[in-house]
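Input: a single structure, listed below in structure tokens.
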Amino acid sequence: MKIKASLLCLCMIPFLFGCSNISKKTKTIKLAHGLDTKHSVHIAMLKMSDDLYKLSNGTLKINVYSSQQLGTERECLELLQIGSLEMTKVSAAVLENFAPKMKIFGLPYLFRDRKHTFDVLDGEIGQELLDNGEQFWLKGLGFYDAGSRSFYSKQNPIESPVDLKGLKVRVMESVSAMKMVSSLGGSPTPISWGELYTSLQQGVVDAAENNPPSFYLSRHYEVCKNYTLDEHTVVPDILVASTHFWNALTEQEKTWFNIAVKNSIGYQRDLWQKAEKEALTEVKKAGVTIIRPDKTLFSDKVQPIYDRVKNDKDIYPLIQRIKNSK
């Protein structure tokens, strides 16, 4: 009988270990974005993946797909909506096509400075904006720093709005961005980020606008030798999850996720400040002329945009709250 009992125990060992392995099976999550692998957001996402894996004891792992491997920002959002992709990073300007209140970020000269920006994004207003996409199956998780956007051009430098007149300026697929460029005298032309280098080379557009690290890492400085730091808009990058995926997580898994996301965002914001300085130094070495214009020439020119939204019951009160926040 003792021999039979021992044999039974030995037979049970593989079964028990098999159950243990099943319970700890890793759930793989796909996260897609359009940025270069050297970009601070991508690096911070890798940290988020590592942190989540450790927090979850190996049960959750994020695979990060960069450089539009799984589609453009708009396409990735559409994949989230149908549940074919779990997570993505998009610009707030693209997200406004899916979550209307995000168009607030397309308003030029909305924030006073960096501190004011993060006080708003990390506070009650920022959370309201992140929640705005849930009815469209898009769960906002947090804001990555994307700095301020400024113009760069191929031929003549842009020193004031007058210099934008007649220029075809690439913008994101954002109504707000198009209105902003039009108000300054340019001709807005929506083009996907992946097609922009060739479009600049071939003269499809004469200029574009983006932050320093994106200007540098995209190598657009090889084509555009004038960079005007007018800093017209602050359009953050937003980490978004599909509600189909998010709602299927346990409360514990959501807690792990939120910790990993928060750590990732703090890490990226530190990296961003270093990346901005490096980008400006490197493009200058490559022969780019850095122009620091009188910003009031630009901010005065776009005032009509604010006048036109006074009747918008969703956006105008939000503007007032942001402007009045300390």
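Annotations
- Exactly one residue among Val205, Val169 is open to solvent by less than 30 Å² (accessible area, probe 1.4 Å) and not in a strand (DSSP E or B), and that residue is Val205.
- Residue within segment 278-287 that is over 22 Å from Phe105 (Cα atoms), touching a helix residue (DSSP H, G or I) at 6+ places or on another chain (Cβ under 6 Å) and among the β-branched types (Val, Ile, Thr) present: yes
- Qualifying position, being open to solvent by 10 Å² or more (accessible area, probe 1.4 Å) and part of a loop (DSSP other than H, G, I, E, B), among Glu195, Glu159: Glu159
- Filtered by the rule that a residue be open to solvent by less than 30 Å² (accessible area, probe 1.4 Å), in a loop (DSSP other than H, G, I, E, B) and of a type outside the set (A, V, I, L, M), segment 173-186 gives Ser174, Gly186.
- Hey, Asp36 at pLDDT below 95 and either open to solvent by less than 50 Å² (accessible area, probe 1.4 Å) or farther than 16 Å from Ser242 by Cβ (or both) or not: yes
- If the condition is being part of a strand (DSSP E or B) and within 13 Å of the chain's Cα centre (by Cα), then segment 208-242 contributes Asn210, Asp237, Ile238, Leu239, Val240, Ala241.
- Residue among Leu318, Leu297 that alone is open to solvent by 70 Å² or more (accessible area, probe 1.4 Å), hydrophobic (A, V, I, L, M, F, W, C), under 25 Å from Ser183 (Cβ atoms) and touching a helix residue (DSSP H, G or I) at 6+ places or on another chain (Cβ under 7 Å): Leu297
- Sole exception among (1) under 29 Å from Ala32 (Cβ atoms); (2) buried (at least 21 other Cβ atoms within 10 Å of the Cβ) for Thr228, by number: (1)
- Residue within segment 94-106 that is touching a Gly at 6+ places or on another chain (Cβ under 6 Å), under 29 Å from Leu46 (Cα atoms), aliphatic (A, V, I, L, M) and modelled with pLDDT of 95 or more present: no
- Taking residues in segment 264-276 that are closer than 17 Å to Phe215 by Cβ, and partners anywhere that are surrounded by 19 or more Cβ atoms within 10 Å (Cβ to Cβ) and among the charged types (D, E, K, R), the pairs with Cβ atoms closer than 7 Å and at least 6 places apart or on different chains are Trp272/Asp145.
Each row is one residue, and each column tells you yes or no for (1) modelled with pLDDT of 95 or more; (2) under 26 Å from Asn247 (Cα atoms).
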{"position": "Thr117", "(1), (2)": "yes, no"}
{"position": "Gln127", "(1), (2)": "yes, yes"}
{"position": "Asn132", "(1), (2)": "no, yes"}
{"position": "Trp137", "(1), (2)": "yes, yes"}
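- Of the criteria (1) in a loop (DSSP other than H, G, I, E, B); (2) at pLDDT below 95, which one Leu249 fails: (2)
- Odd one out for Thr189, checked against (1) open to solvent by 10 Å² or more (accessible area, probe 1.4 Å); (2) over 20 Å from Leu77 (Cα atoms); (3) not in a strand (DSSP E or B): (3)
- Residues of segment 250-261 that are touching a Lys or Arg at 6+ places or on another chain (Cβ under 9 Å) and surrounded by fewer than 20 Cβ atoms within 10 Å (Cβ to Cβ): Glu253 alone.
- Test: residue in segment 61-68 that is of a type in the set (Val, Ile, Thr) and either modelled with pLDDT of 95 or more or open to solvent by less than 10 Å² (accessible area, probe 1.4 Å) (or both): yes
- Test: residue in segment 262-282 that is of a type outside the set (S, T, N, Q), open to solvent by 40 Å² or more (accessible area, probe 1.4 Å) and either part of a strand (DSSP E or B) or at positive phi (or both): no
- Tabulated pairs, segment 250-262, first closer than 17 Å to Thr28 by Cα, second in a helix (DSSP H, G or I) and open to solvent by 60 Å² or more (accessible area, probe 1.4 Å), C-beta under 8 angstrom, 6+ apart or interchain: Trp256/Leu55; Ala260/Leu55
The values are calculated or read from the model by the stated rules, or taken from the named source; none is laboratory data. Only a predicted model underlies this, so the values are computations on that prediction, with no experimental measurement involved. In this analysis, Cβ positions are derived from the backbone assuming ideal geometry, glycine residues included, and neighbour counts consider all displayed protein chains. Only protein heavy atoms, including side chains, enter the accessible area calculation; ligands, DNA and RNA are left aside. Shrake-Rupley method; radii C 1.70, N 1.55, O 1.52, S 1.80 Å.
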